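One structure is given below, encoded as structure tokens.
The values are calculated or read from the model by the stated rules, or taken from the named source; none is laboratory data. All of these numbers come straight from a predicted model, not from anything done at the bench. A quick note on method: Cβ atoms are made from the backbone with ideal geometry, for glycine too, and the neighbour counts reach across all protein chains shown.
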Amino acid sequence: FEQYNIGFSDHSPGYFAGIASVPYGITFIEKHFTLDKNLEGPDHKASVTPDELKLLCEGIRAVEVSLGSYVKLVTDSERKNKIVARKSIVAKCAIKKGEIFTIDNITTKRPGNGISPMHWYGVLGEKAEKDFEEDQLIVHSCFSEQEV
């Protein structure tokens with residue numbers, strides 16, 4: 001329901017349920033507010049005080065930050081470690097020119113300065129344009145019909 005704003009009418013005691021609702025896509029939280037939980041009336045016991053409202057808001061913001069963004073971007077720390085930490089598609093064994101790339105002759109290994117494993121299925125079935133030695137990076141220019 002990403003196209004809709006969905007609310008949570010929270011009548012539970014405390015403020016934890018409101019914080020816990022955030023990962024489920026809740027964008028509005030209705031919570032009763034009171035200056036004194038000992039006042040007469042049915043809503044004061046399940047209401048939040050000013051201090052609890054502050055904790056509710058801080059908790060929601062902390063959960064939002066911890067969930068991150070749906071848009072995946074390379075962070076500065078990832079950029080620094082990208083080549084070392086990420087993997088590339090490499091020859092699992094010697095591959096002759098004209099041989100088809102299959103799960104039996106390619107694999108993934110570090111470093112990540114070649115074709116990303118995210119393109120695995122684009123590489124499978126392609127013909128090698130040259131000979132490859134074991135552990136040699138499979139590179140873009142090696143594909144006869146399409147560049148991955």
Pick from segment 13-29, criterion of a type in the set (Gly, Ala, Ser) and in a loop (DSSP other than H, G, I, E, B), ranking: surrounded by the most Cβ atoms within 10 Å (Cβ to Cβ): 14
Determine which member of the set 78, 40, 58 is assigned by TED's automatic domain parsing to the domain that holds residue 14, not in a loop (DSSP other than H, G, I, E, B) and not aliphatic (A, V, I, L, M). 58
Scanning segment 50-104 residue by residue, those hydroxyl-bearing (Ser, Thr, Tyr) and under 30 Å from residue 27 (Cα atoms) turn out to be 66, 69, 70, 75
Condition set exposed (fewer than 11 other Cβ atoms within 10 Å of the Cβ) and in contact (Cβ under 8 Å) with a residue 12 or more places away in the chain, scope segment 63-121, selection nearest to the chain's Cα centre (by Cα): answer is 67
Residue count, segment 30-62 (criterion: buried (at least 16 other Cβ atoms within 10 Å of the Cβ) and either in contact with an Asp or Glu (Cβ under 6 Å, 6 or more places away or on another chain) or among the acidic types (Asp, Glu) (or both)): 2
